[in-house]
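Participant: Quick one: the structure is below, and I'll ask about it shortly.
The values are calculated or read from the model by the stated rules, or taken from the named source; none is laboratory data. From a predicted model like this one, the values you see are computed outputs, not experimental measurements. Don't worry about glycine lacking a Cβ; one is built from the backbone with ideal geometry, like all the others, and counts go over all protein chains shown.
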Amino acid sequence: MTESHHDVLIIGGGAAGLALALEIADRRAVTLLQPTPDTRGASRWAQGGIAAVLSPSDDVDDHVADTLVAGDGLCDEAAVRFTVDQGPAAIAWLLSLGVPFTPDPDPSAGYPYHLTREGGHGARRIIHADDATGRAVIETLERHVGTHANITVRHDLSAIALIADTAGHCRGARCLDEASQLHVLMARDTVLATGGASGLYRHTTSPHPASGEGMMMAAELGAELMNLEFQQFHPTCLYDPQGAPFLISEAVRGEGGYLLGAGGERFMPNIDPRAELAPRDIVARAIDTEMQRNGLDHVWLDIRHLGEEAIRHHFPTIHAHCASRGLDLARTPIPVVPAAHYSCGGVSTDLSGATTVPRLYAIGEVACTGLHGANRMASNSLLECLAFARGCARHLAERHSDSTAPLIEHPQGTAPPSREMIAELGDALRNVMSARVAIVRSDAGLAEAARRLAELSERYTAHLARTAPDPDAASLWHALRLARLTVASARMRRESRGLHHNPDCPLHADAAPSPSRIYLSALEAS
Ligand code: SIN
């Protein structure tokens with residue numbers, strides 16, 4: 001075991017973690033944990049772009065209003081306005097760092113970079129780098145982080161738990177290296193930027209999604225979690241049973257793509273006046289219904305009418321990926337299905353990313369800031385990463401607090417973990433969540449999920465709890481407990497709203513709904 005001392009410890013190296021590191025590093029020393037930079041983290045896979053009010057014909061109030069509508073009555077308006085207000089400055093910052101956003105060749109457009117549209121947005125306000133915006137942003141931020149003298153990046157460590165003291169402060173993190181050796185990283189301030197919880201589901205839009213590890217590490221210290229029942233399914237993941245998960249950006253619909261059902265007919269115009277550009281909860285549910293009603297494995301997305309040249313120009317990554325899977329976007333509709341994409345719930349924070357635990361912060365998808373409410377509007381998430389990373393940096397630059405209270409000890413196991421058991425329980429967990437806690441959830445299905453997840457937790461405790469520290473075993477433990485809290489939150493919400501749709505209570509229950517707040521102690525009660 002090693003013990004080391006750090007100033008600001010950032011756990012997670014996606015858009016939020018990297019942006020915070022850069023913004024705070026001139027004032028405080030940063031240690032950034034970024035376990036496997038090539039694959040992990042959802043930011044890298046974000047295709048569409050970043051929503052911000054950039055066009056002279058757009059308006060901050062309109063972006064706020066669209067976000068509130070998409071969030072189906074559950075957004076915190078102060079968080080929405082805080083985020084939207086910072087859009088133009090955040091984009092100017094990224095441009096100053098050299099993010100290669102796609103220019104608009106049309107001089108009459110009023111803004112030098114191309115702005116696309118996505119579901120729920122009443123205007124063109126998505127700035128993008130072709131159809132691989134996340135990758136362009138991450139690579140640019142990584143380049144700057146890599147050369148900053150006050151930032152140390154550790155690729156070899158995975159955090160498995162946070163360290164608490166008897167005063168209730170967060171004091172750093174316990175980490176494992178690639179040989180499962182324990183490293184205790186003490187920190188003055190600890191920031192979770194660990195991503196969401198889409199990994200609780202079988203089919204996801206990114207290859208290695210997080211499974212809520214950061215949320216549960218915070219909950220173990222007593223942090224409040226919020227809105228866990230609102231898991232977003234992106235309407236259009238490529239249906240490709242033999243291939244890796246691949247997102248088909250909402251920008252394809254933004255540039256005119258149609259969804260086609262069983263008879264090759266559009267079905268969205270009959271469901272919502274915004275048709276294919278309705279908010280994601282509505283589109284994903286409509287696709288799910290179309291598939292259920294007609295016994296389909298997928299529906300189709302048709303963008304042929306845009307023409308081959310425009311398709312190749314706007315969507316080079318998607319075009320190339322589809323071609324590599326034998327599909328020509330310019331000549332045939334492509335098969336698509338909804339897949340788990342984004343967790344609207346997470347660790348509750350204020351506008352500086354502060355959680356309810358002193359000296360613990362959360363930014364990016366792990367956090368629940370109030371911006372998304374019951375359903376996130378497309379491309380608001382990278383904006384949230386930037387806005388809250390910069391807000392958190394301003395806060396951390398001004399405050400230093402110390403605690404010298406004794407640390408709370410962590411018990412440590414010794415036996416080697418069983419890989420088969422980890423794989424079996426993980427599969428069972430994802431099957432339960434996908435079958436019972438997905439786009440539509442019923443009272444009976446949620447009760448069944450609660451029972452099955454409690455059984456899986458018991459099996460975990462019986463077989464794995466005494467094993468040596470192991471990142472996969474720790475991740476599974478966090479995932480099982482978060483899944484149970486998600487089900488508990490879903491059972492508490494006696495209405496359908498946004499991404500939470502329960503036919504046993506199909507309507508809004510309340511004109512002024514409250515977010516659902518939950519603590520780890522709810523598991524003891526269930
Ligand atoms: C997309 O390109 O459709 C994904 C972007 C997002 O989820 O905001």
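Participant: All but one of (1) without any contact (Cβ under 8 Å) to a residue 60 or more places away in the chain; (2) in contact with a His (Cβ under 8 Å, 6 or more places away or on another chain) hold for GLY110; state the number of the condition that does not hold.
Facilitator: Single failed check for GLY110: (2).
Participant: Moving to a separate point now. Run down PRO245, PRO241, PRO273 and say which single residue is surrounded by fewer than 23 Cβ atoms within 10 Å (Cβ to Cβ), touching a helix residue (DSSP H, G or I) at 6+ places or on another chain (Cβ under 9 Å), part of a loop (DSSP other than H, G, I, E, B) and not hydrophobic (A, V, I, L, M, F, W, C).
Facilitator: Answer to the selection: PRO245.
Participant: Tally up the residues in the range 484-500 that are assigned to a loop (DSSP other than H, G, I, E, B) and either at pLDDT below 95 or crowded, with 20+ Cβ neighbours inside 10 Å (or both), please.
Facilitator: Number of matching residues: 4.
Participant: Which of the residues that make up the range 125-181 are within 16 Å of the ligand (Cβ to nearest atom), charged (D, E, K, R) and not in a loop (DSSP other than H, G, I, E, B)?
Facilitator: Selection gives ARG135 alone.
Participant: While we're looking at this one, here's another question. Name the residue, out of GLY243, GLY263, that is in contact (Cβ under 8 Å) with a residue 60 or more places away in the chain, more than 16 Å from the ligand (Cβ to nearest atom) and not hydrophobic (A, V, I, L, M, F, W, C).
Facilitator: Of the residues listed, the single one that is in contact (Cβ under 8 Å) with a residue 60 or more places away in the chain, more than 16 Å from the ligand (Cβ to nearest atom) and not hydrophobic (A, V, I, L, M, F, W, C) is GLY243.
Participant: Restricting the range 222-238 to residues that are assigned to a loop (DSSP other than H, G, I, E, B) and buried (at least 23 other Cβ atoms within 10 Å of the Cβ), which is nearest to the ligand (Cβ to nearest atom)?
Facilitator: PHE230
Participant: Mind checking which pairs have a first residue in the range 335-351 that is touching a residue at least 40 places away in the same chain (Cβ under 8 Å) and within 11 Å of the ligand (Cβ to nearest atom) and a second that is part of a strand (DSSP E or B) and among the polar types (S, T, N, Q), Cβ under 6 Å, 6 or more apart or different chains?
Facilitator: These pairs meet every condition: HIS341/GLN232; TYR342/GLN232.
Participant: May I pose another question? Of everything in the range 10-33 that's touching a Gly at 6+ places or on another chain (Cβ under 6 Å) and away from the ligand (no atom under 16 Å from the Cβ), which residue is farthest from GLY119 (Cα to Cα)?
Facilitator: Checking each candidate, the answer is LEU32.
Participant: Of THR36, THR116, which residue is among the β-branched types (Val, Ile, Thr), more than 16 Å from the ligand (Cβ to nearest atom) and closer than 25 Å to SER198 by Cβ?
Facilitator: Just one listed residue meets the conditions, THR36.
Participant: Has the range 455-478 got any residue that is within 26 Å of ALA374 (Cβ to Cβ), touching a residue at least 12 places away in the same chain (Cβ under 8 Å) and within 22 Å of the chain's Cα centre (by Cα)?
Facilitator: Yes - at least one qualifying residue is present in the range 455-478.
Participant: Do you know which residues across the range 129-148 are in contact (Cβ under 8 Å) with a residue 60 or more places away in the chain and either closer than 16 Å to THR31 by Cα or small (Gly, Ala, Ser) (or both)?
Facilitator: ALA129, ALA132, GLY134, LEU141, GLU142, HIS144, VAL145, HIS148, listed by residue number.
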